[in-house]
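Notes follow once the structure below has been shown.
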Amino acid sequence: MERMGLMWGVLLTAILLIIGRFQVECGHHRRKQSPDKEESSRLLVRNTRDDTGKAVDAINEISKLSNRTTPVTPTMVFLNILDNYDQRLRPNFKGPPVQVYCSAYINSISSISEESMDYTVMLFLRQRWNDPRFVYNDYNDSITLYEKVLDKIWVPDIYFVNEKGAPFESTSGHSTLLRIHPNGDVLYSAKKTILLACPMNFQLFPMDNQVCKIKMESYGHTTKDIEIWWSREDAVLVSEEIQMPDYDLVTWTINNYCDSHHTTGTYSCIEANLFLIRHIGYYLIQHYIPSILIVVLSWLSFWISPEIAPARVALGITTVLTSTTLTAVSRSAMPRFSYVRAIDVWMMTCGLFIFAALVEFAVVHFIFKRDKKFAVTRRAREMSKLLPRKKKATDKKDVASEDAVVENEVDFKPDRGMSSPEPEQDIVVAEEKTHRTPGEIKALYMRRARRIDYYSRLLFPLLFTVFNILYWSVYLSWYH
């Protein structure tokens, strides 16, 4: 309705101007008329002039209204800003340093590699600063721009210090955003997928915790030109949907004071520390539980008779080889280090228990064989000692000459305080010992070997239990 009124006003003013000009021209042609008519013409011209002045004032007012209602577009504002803008100079040039506030939203963490010691992170990095050259008053809303205008304005030269490379370029359309506010505040947001270095220590592996950094600093501007800070609120946010196969992200911290000192000057720096804790369940199933079962399996040889040497040897060698294979597998997936890891301590101790069980059988078998051989030798020696006495007592050719001697040996009876077994009784006892059955001799000399097996059944599980208590109490305390 307002526009329609303006249009009718402009049309009416134009008509009045045409009529006034026509009347003035008619008056010039009628100069030779009567005085009364001349006076009427003068009054008409004066009235026409007054109407013309009013029409001009109306036109000026209409033009002001029309200019006031002309829409101002963001493009017009931005182009007007760029007329006197030099992107090569930072804001507040030769003045105080630009305060750049950063925030990051970590969308995903993947490909954590122990061998190359790096990880891939996809994040949205937001930077905020104030540029007085972007202040405007003829538009009340913010202006949103995209990456095509980045080469026309100044942006902070922030880079990732521990970056190893970008795995791939973004293929999801726009990956940057630039937003300008009327007071000169600038928001620059960029989506980045980068490969970052992460130095790791595996002395507590697989109960280790790793700290991976996201470190940023200015490339060419010293602290005299740029100061970088984390935002006061929500500096670092992490997506709740992040899931990693080997680690859990338990917490993170930020640091504003990690300035880098170089020969070219001091550069402002910020960093975020991501605390990762490893999943131990996989290694319990793949390494710890199988090694425990192998150690327990090696103890079964303590219940096998020392006589069954092939069975005990086969069991011992099998467990030793299996333990060696598990140890090799536990080290194959990790880079080579000079230090000993927690899983190495476990596997070496399990290997020692298995090897000790095999050595125990060797000792038992040696004692069993030695005692058995010694029993045969002693029996032969006793038989050789007994045969001359029996010959001396039963030789018919020497009975007459040795009658008196035999009688003296038999009839001599010393005092009771000095009593000793008679020769005939000694001969009978020796004969009883030498006439034991092979089964009795075997049982007699297997007692020592069985005694060693008996003590091993108690000692080995006890020592292994003590080792488990010490191992898990120490490493789990560091793990948590």
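Laboratory data are not the source of any read-out in this text; all were calculated from the coordinates shown. These figures come from a predicted structure and were not determined experimentally. Here Cβ is always computed from backbone atoms with ideal geometry, including for glycine, and neighbour counts include all displayed protein chains.
Close amide-amide hydrogen proximity is noted between GLY184 and TYR136, each under 5 Å apart and 5 or more residues distant or on a separate chain (H modeled in the peptide plane; Pro and chain starts excluded). What the phi angles of region 282-292 give under the Karplus curve with 6.51, -1.76 and 1.60, with θ = phi - 60°, is a coupling list of 4, 6, 5, 6, 8, 10, 6, 5, x, 5, 5 Hz, glycine and proline written as x.
Where both partners of a DSSP beta bridge lie in region 80-279, what percent of those bridges are antiparallel, to the nearest 5?
So the antiparallel bridges amount to about 90 percent of the total.
Annotation: amide H-H contacts under 5 Å for CYS269 (H modelled 1.01 Å from N, sequence separation of 5 or more, or interchain): ILE228, CYS258, ASP259, SER260. If the chain linking SER175 and LEU321 were pulled fully straight, counting 0.36 nm for each residue of separation and taking away their Cα-Cα distance, it would gain 47.0 nm. Neighbour counting of Cβ atoms within 10 Å sorts the residues VAL474, VAL320, fewest neighbours leading, into VAL474, VAL320.
Between LEU300 and GLU163, the simple label model (points 7 Å from Cα in the Cβ direction) yields a spacing of 5.9 nm. Phi angles across region 219-232 convert, under the Karplus curve 6.51 cos²θ - 1.76 cosθ + 1.60 with θ = phi - 60°, into 3J(HN,Hα) values of 7, x, 9, 7, 5, 6, 10, 9, 10, 9, 9, 6, 4, 5 Hz, Gly and Pro given as x.
Placing a pseudo-label 7 Å from each Cα along the Cα-to-Cβ vector at LEU293 and ASP185 gives an inter-label distance of 6.2 nm.
A crude spin-label estimate for the pair VAL329 and LEU89, with each label 7 Å from Cα along the Cβ direction, gives 6.9 nm. Annotation: amide H of SER108 within the under-5 Å range of MET122, sequence separation 5 or more or interchain, hydrogens built in the peptide plane. Calculated FRET efficiency, GLU147 and LEU462, Cβ-Cβ r, R0 56 Å, to nearest 0.05? After rounding, the FRET efficiency stands at 0.20. Each of CYS258, CYS350 was scored by other Cβ atoms within 10 Å of its Cβ. Arranged with the fewest first, they read CYS258, CYS350. Checking the a/c ratio against 1.5 first, then a/b against b/c, what shape does the Cα gyration tensor give for region 145-244? Cα axes put region 145-244 in the prolate bin. Phi angles across region 342-358 convert, under the Karplus curve 6.51 cos²θ - 1.76 cosθ + 1.60 with θ = phi - 60°, into 3J(HN,Hα) values of 5, 5, 5, 4, 5, 5, 5, 5, 4, x, 5, 5, 5, 5, 5, 5, 5 Hz, Gly and Pro given as x. The magnitude of the dipole of region 80-279, with charges of +1 and -1 set on the Cβ of Lys/Arg and Asp/Glu and taken from the Cα centre, is near 480 debye. With a ≥ b ≥ c taken as the square roots of the eigenvalues of the C-alpha gyration tensor of region 80-279, please select rounded if a/c is under 1.5 and otherwise prolate if a/b is larger than b/c or oblate if it is not? It is prolate, given that a/c is not under 1.5 and a/b is the larger ratio. Gain on full extension, evaluated as 0.36 nm per residue between SER473 and ASN107 minus their Cα-Cα distance, stands at 128.2 nm.
Neighbour counting of Cβ atoms within 10 Å sorts the residues THR263, THR120, fewest neighbours leading, into THR263, THR120.
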